[in-house]
Every structure is written in structure tokens, then in C-alpha cells.
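Heads up: the structure comes next, in C-alpha cells.
The values are calculated or read from the model by the stated rules, or taken from the named source; none is laboratory data. This is a predicted model, so every value here is computed, not measured. Please note: Cβ atoms are built from the backbone with ideal geometry, for glycine as well, and neighbour counts cover all protein chains shown.
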Amino acid sequence: MHYLVGLMGSRTVVLVGLVLGCTVACSAEQAPPPPAPPIPKIVPPTSASRVPVMVDRPLPDDCELVVPVEVMNQRLGRELPGEPRLIIGIPEPALGRTGKIDCYYGLAQGQQLAAAPVVIGLSAYNDEATARGRVTDSVSAERQEGGAVSEVEVGKQKGSLVVTRDERLLLGSLGKTTFVVRVKAGVVPDDQVGPVLAALAAQSMTPTEDV
């Protein structure tokens with residue numbers, strides 16, 4: 001009797017050991033591998049481009065306050081030589097003009113103003129009607145000399161794009177100020193001249209802190 005109990009007890013121990021061993025081994029074999037850690041997705045930072053906000057402001061006294069050289073080069077897609085040259089005009093009461101500035105871009109040392117590939121001019125007048133009238137007169141004169149005239153958008157304003165044999169120019173006004181952007185033929189591809197000149201004109205009427 002004691003022998004049977006001892007035998008059965010030892011069988012019980014053996015069976016329990018087998019069951020436990022199988023449970024541990026089977027669990028080890030069937031456990032799924034741990035999930036791979038997630039790979040972080042790197043998103044490059046983006047910044048919204050700022051649209052120039054045109055305002056009728058006092059005439060600047062520096063070409064960097066008209067169109068900064070860096071902005072000019074970005075718009076043209078290439079770097080112009082030299083530093084811009086500023087010419088300050090005198091008031092002309094007979095025309096109702098109270099001030100005038102011209103910025104000549106792309107002049108190498110020793111070159112004359114007439115060689116500038118890009119010229120931006122701003123003029124201030126007594127009132128808005130006089131400024132608009134000056135633009136109308138200038139566009140009419142260009143048309144009479146054979147220039148092709150079309151309307152383009154300059155910010156929220158309208159401007160006149162004039163194409164002649166030797167140059168492309170954009171004229172317009174905002175408040176009491178007129179603006180004109182001139183580029184020599186070939187400086188900007190003709191299929192891009194409208195948007196490029198419009199962007200430069202808008203920038204010329206935008207305070208630099210709004211760039």
C-alpha cells in the first residue's frame with residue numbers, strides 16, 4: 001500500500017513536471033516577437049511666404065527700402081553685379097510732383113546709368129488724381145510710340161505692362177505715388193515679364209518691415 005502511494009506520488013511529480021515544462025517551453029515558442037519601435041517621421045519645417053502689402057508711403061531715401069538687392073536677385077533668378085545707385089529728383093510744381101527717386105540696379109563699377117538692366121522709379125504728387133493722370137499720360141505716350149500695352153495685376157492694384165523693342169516696363173499708381181519698373185529686353189524672359197515686374201512693383205510700394 002505504501003509502495004503504491006509512493007509510486008503514484010512520484011508519477012504525479014513527474015507528470016506535473018512534464019506539464020510545467022511543456023507550458024514554459026510552449027509559451028516560449030509561441031510568444032510573438034515584440035513590435036518594432038515606430039520610426040519617427042521627420043517633416044521639414046515650412047514657412048508661409050509673405051505677400052507684399054502695398055501702401056502709399058513717403059518716398060524712401062535708400063534703394064534697399066525700395067527693393068532690397070536680395071529680393072531683386074530672387075525675383076530675377078540670378079545675381080546682379082554692383083550695388084544699386086540712388087538718384088533723387090527735384091520737385092516739379094508745374095507737374096504737381098512733390099518728389100522723385102530712381103534706383104538703378106545691376107551696374108558694374110564705372111558703368112553709366114543708362115546701362116542699368118533694371119530701374120525702379122517712384123514719384124509723389126499733390127493728390128491721387130494727379131498721380132493717376134501722370135500714369136495715363138505716360139502709357140498713352142508709350143502706345144503712340146509703338147509700345148504694346150496690356151493690363152496686369154500689381155497686388156490689389158492694376159498696372160500697365162508696356163513692351164517695346166528695347167525694354168519692358170510696368171507703370172501704375174497707389175494713392176499719391178506712381179511707380180515704374182523698367183528692364184532691358186532679355187533681362188527677364190517675355191513669358192515671365194508680367195509676373196516678375198508686378199512682383200518688383202509691389203515690393204517697391206511695400207515697407208521693408210513687411211517683407
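Numbers at a glance
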| item | result |
| --- | --- |
| Residue pairs meeting the criteria (Cβ under 6 Å; at least 6 apart or on separate chains; first among the basic types (K, R), in the stretch 154-171; second at pLDDT 95 or above and surrounded by fewer than 22 Cβ atoms within 10 Å (Cβ to Cβ)) | K158/E151; R168/V193 |
| Residue, surrounded by the most Cβ atoms within 10 Å (Cβ to Cβ), within the stretch 66-84, restricted to residues that are under 14 Å from the mean Cα position of the chain (by Cα) and not hydrophobic (A, V, I, L, M, F, W, C) | R75 |
| In the stretch 153-185, residue surrounded by the most Cβ atoms within 10 Å (Cβ to Cβ) [restricted to those that are modelled with pLDDT under 95 and farther than 16 Å from T136 by Cα] | G155 |
| Residues satisfying the stated conditions in the stretch 146-160, i.e. within 18 Å of D56 (Cβ to Cβ) and not in a strand (DSSP E or B) | G155, K156 |
| The listed residue being touching a helix residue (DSSP H, G or I) at 6+ places or on another chain (Cβ under 9 Å), surrounded by fewer than 14 Cβ atoms within 10 Å (Cβ to Cβ) and modelled with pLDDT of 95 or more, out of I101, I120, I87 | I87 |
| Single residue of I101, I88 found to be aliphatic (A, V, I, L, M) and either without any contact (Cβ under 8 Å) to a residue 40 or more places away in the chain or under 26 Å from D190 (Cβ atoms) (or both) | I88 |
| Count of residues meeting criterion [exposed (fewer than 14 other Cβ atoms within 10 Å of the Cβ) and either in contact with a Cys (Cβ under 8 Å, 6 or more places away or on another chain) or among the hydroxyl-bearing types (S, T, Y) (or both)] in the stretch 123-136 | 1 |
| Qualifying residue in the stretch 161-174 (condition: touching a helix residue (DSSP H, G or I) at 6+ places or on another chain (Cβ under 6 Å), assigned to a loop (DSSP other than H, G, I, E, B) and not β-branched (V, I, T)) | no |
| Which numbered condition V139 misses (of (1) under 25 Å from the mean Cα position of the chain (by Cα); (2) buried (at least 17 other Cβ atoms within 10 Å of the Cβ); (3) farther than 21 Å from V69 by Cα) | (1) |
